[in-house]
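For reference, the structure is listed below as structure tokens.
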């Protein structure tokens, strides 16, 4: 049997009838005397087939047909056949965005509207970003990526993330070097911003930096809030000085201290409020609020730990209160994401800052944030270091500067390509030999796609985003300098994502990966992917990492493609979604402690990005149980979060869980309101919260979630 290599690299069976149809279409374009009869066509194809090797490229077959038509003096027919080939090539490269853009403008593009639960596609500003994104996707598919990569993406073998931004030389996510920008000043819109002299100004400048950074990248960003401690002290010193100037010696030291504390408390509250309001009301050029994470760590080695304890406490108090919606009711905001670091001084074992952790637990029970990072477990996994993820879950690998010092802030992720593991399981049909062969083939495609991401950034000039490259967010390069040194030698990361460990294991072993037989197989797959990225890192010098994909919309996209291609498969395509990264099936009954213990082993392997969650009911009257889980997190898992429900019905004032009914509609259980414009619903979408509703697959996944506590 002759095999044909397609333009995208796929190997398919030779199809004689397809060639016959192509020649007959050319036949219809020429005079009768010039046409090739059935006998001649059969003879030409017999001749071609004799000359074909076991595997032949599609272009070679077409070249042979053209030459044989010429030998038969069918010059006009040969020319028409050549034109037909050319037209087919043009069709493959044709612009395909018109209909999707028009549907978007008419608010009829349901797929785009549900792609990102934090983007409102009715807004003109968001539509503008989506229109640009549709054009970028189209150019990426037709011209910027090799056809083999585009085809693998279209068939759901892989997902080339953020193709809607690939036409521009911008990257995914970062850890802002906020200390450098605040201490040494920065420049925005060609205006110099000097180092702040107070906490309030530092908060304002920080939010402006966050907005500028978000507008020049497409992923999340994180800020280590410890760097604001020194500015709170500056304000404290300023108030002491002002009070002395105002009252002279008429006040004793105790009175001065008391008055300074009152003024400082007001500024602290105002500054934190500025951060919360600004982040939730600023609109970036991406048509949404900035995807930003505030990293809250109380480090005993921090000289400003007392000030930072006040800042962290105020951030948690204001988040617990919430933000008013348009009806004036306090609701849960999606941003900023909060990460609270558990350490020996606050892990609820008698530490100095346990009182702040108790406040954090209250806040999580009501507003879902903060999430929790265990300094103890993180130090085990990252050479003794504790640092924030970039955005929701993307972690840097360790890297040392020329002085041998670890550096994390001012680094970034170049981009992500994700692997559809369930599809490999479907194709392997339980045969492990086939599975490993397919996995290696798909990993090779992912590597090629990731190198496309990397190559697209090479040669980029610092001028494309001065806030990143020239004024401190990432670096302070000269104008006109190339960013290439920051792309190499592991300074930045580039991520292999994956989805559906549960479904893959179910297909290959017939059991969940929580079953011992399934667990062993799942860990082998995880380690094989880890070996691949380590090998790529060694080969290229680039910072490849293994990343548990958030899969907000991808959980639906992959499942939808596979259902269309392979039909309904129980516990796989029939659900309407695939399970996030290595997570336990959302329907599986497992307690919170067992879930975290089980998933922690996957987090260690997935060091380029991972987060685990437990689903909990309303815990407001049982905070002790949540505190027990937080204690467990500190000793057992690096990065974890609580999912609860925080909804509000604007029709009847119901404050609780708005349900998903049997028709997959959001419905108030009290007044049965189904108008999504008249309710506030916030759910954990991936690592972030979402508040603009979700696609069909993610909605089914949310509905299927069982409680773990």
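May I ask for log10 I(q)/I(0) of the stretch 426-524 at q = 0.18 Å⁻¹, from a Debye sum over the Cα atoms as equal point scatterers with solvent left out? Values, matching the q order: -0.83. As a calculated quantity, the FRET efficiency between residue 354 and residue 184 at R0 = 51 Å, using C-beta atoms, amounts to about 0.90.
Using a Förster distance of 41 angstrom, determine the FRET efficiency expected from the C-beta separation of residue 635 and residue 655, and round it to 0.05. Mind dumping the intermediate values first?
Values: r = 34 Å, r/R0 = 0.84.
Computed FRET efficiency for residue 635 and residue 655 comes out at 0.75.
Above 25 Å lies some portion of the pair distances; for the stretch 360-459, what is it as a whole percent of all C-alpha pairs? Write out the running numbers ahead of the final one.
Details: 2484 of 4950 pairs.
That tail contains 50 percent of the Cα-Cα pairs.
Report, in degrees rounded to the nearest 10, the 0 to 90 angle that the Cα long axis of helix 305-321 makes with the longest principal axis of the chain. It works out to around 70 degrees.
Over the chain, what is the relative contact order in whole percent, taking alpha-carbon pairs under 8 Å and six or more residues apart? It would help to have the intermediate numbers written out before the result.
On the way: 1291 pairs, mean separation 91.8, N = 709.
Computed value for the chain: 13 percent relative contact order.
Temperature 25 °C, viscosity 0.890 mPa s: under these conditions the Stokes-Einstein estimate for the chain, based on its Kirkwood radius over C-alpha pairs, is 88 µm² per second. To test your reading of the geometry: what angle, between 0 and 90 degrees and rounded to tens, separates the Cα axis of helix 229-247 from the longest principal axis of the chain? Long axis of 229-247 versus the principal axis of the chain: about 30 degrees. For the chain, the antiparallel share of DSSP beta bridges with both residues in that region comes to about 45%. Stretched out straight at 0.36 nm per residue, the stretch from residue 703 to residue 82 would grow longer than its current Cα-Cα span by 218.1 nm. Convex hull volume of the C-alpha atoms in the stretch 3-92, normalised per residue: 85 Å³.
How long is the gain from residue 539 to residue 246 if the chain were fully straight, where each residue apart is worth 0.36 nm and the alpha carbon distance is subtracted? Don't skip to the answer; put the middle values down first.
On the way: separation 293, 0.36 × 293 = 105.48 nm, distance 6.67 nm.
Length gained, residue 539 through residue 246: 98.8 nm.
In the chain, the longest principal axis of the Cα atoms and the axis of helix 354-367 are about 50 degrees apart.
Assuming a ≥ b ≥ c are the square roots of the Cα gyration tensor eigenvalues, decide whether the stretch 515-557 counts as rounded (a/c under 1.5), prolate (otherwise, with a/b larger than b/c) or oblate. Let's see the in-between values first.
Working: a/c = 3.88, a/b = 1.24, b/c = 3.13.
Since a/c reaches 1.5 but b/c is at least a/b, the shape of the stretch 515-557 is classed as oblate.
Calculate the FRET efficiency for residue 489 and residue 266 from the Cβ-Cβ distance with a Förster distance of 41 Å, rounded to the nearest 0.05.
Working: r = 47 Å, r/R0 = 1.15.
Efficiency for this residue pair is about 0.30.
Just so you know, all these numbers are worked out from the coordinates, no wet-lab data involved. Because the structure is a prediction, the values reported are computed rather than measured. Quick reminder, even Gly has a Cβ in these numbers, built from the backbone with ideal geometry, and neighbours come from all protein chains shown.
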